[in-house]
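The values are calculated or read from the model by the stated rules, or taken from the named source; none is laboratory data. Since the structure is predicted, the reported quantities are computational estimates derived from the model, not experimental observations. Backbone-built Cβ (ideal geometry, glycine too); neighbour counts: all protein chains shown.
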Amino acid sequence: MNQLMQVALAVGLLWMIPEGVLAQIADSSPAQVVAPDSRPAVQAAGKWLRYFDRGRLEECWERGSVEFQRQLPKERWIESMRELRGVYGPPSRRKLRSTTFSPGRDPSKGQSVFVIEYDSRFPEAENRVEQVLVALENGEWRVVGYSLR
């Protein structure tokens, strides 16, 4: 895949992360908040990725957060992810790279998220980074965004 197509795909995928979540990550100040245990968030991201890898895209969308669903109509999500999988295929390898907690600016309004990154290898593109954003919603960690770069 040429570099121009890679950049276009990466930019195109950024819309899949809700605007409010991106702004929150950029404006957060983690020194003020103690991060919760990341293991449940990582487990939720891993479970969601297993559905994604198996092509169970409707279930991925349904397991996303309310904000994720509000920002991305189900049909658009499925169409975009089918295109992505058509280019890359499922990963042949995925390894946890990092887990970063990003607290909401205002806990009563903002949504705190874990930004979970994986070093991934695909049949058609080696050495990519998958990023899954996971937020606590009604006591359950749910995906609020996904990107591949």
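Of note:
- Of residues in the range 122-149 being among the charged types (D, E, K, R) and closer than 17 Å to SER98 by Cβ, the one surrounded by the fewest Cβ atoms within 10 Å (Cβ to Cβ): ARG149
- Filtered by the rule that a residue be at pLDDT 75 or above, surrounded by 14 or more Cβ atoms within 10 Å (Cβ to Cβ) and under 18 Å from GLY145 (Cα atoms), the range 25-46 gives SER38, PRO40, ALA41, VAL42, ALA44, ALA45, GLY46.
- The range 121-135 - residue that is touching a helix residue (DSSP H, G or I) at 6+ places or on another chain (Cβ under 8 Å) and not acidic (Asp, Glu) and, of those, modelled with the lowest pLDDT: ALA125
- Among the residues of this structure, ARG85 does not count as one that is farther than 15 Å from ARG149 by Cα and at pLDDT below 95.
- Search result, residues across the range 98-110 that are surrounded by fewer than 17 Cβ atoms within 10 Å (Cβ to Cβ) and at pLDDT below 90: ARG105, ASP106, PRO107, SER108, LYS109
- All conditions in (1) surrounded by fewer than 17 Cβ atoms within 10 Å (Cβ to Cβ); (2) under 11 Å from the mean Cα position of the chain (by Cα) hold for LYS95, with the sole exception of (2).
- Residues in the range 90-149 that are of a type in the set (Lys, Arg) and under 16 Å from GLY64 (Cβ atoms): ARG142 alone.
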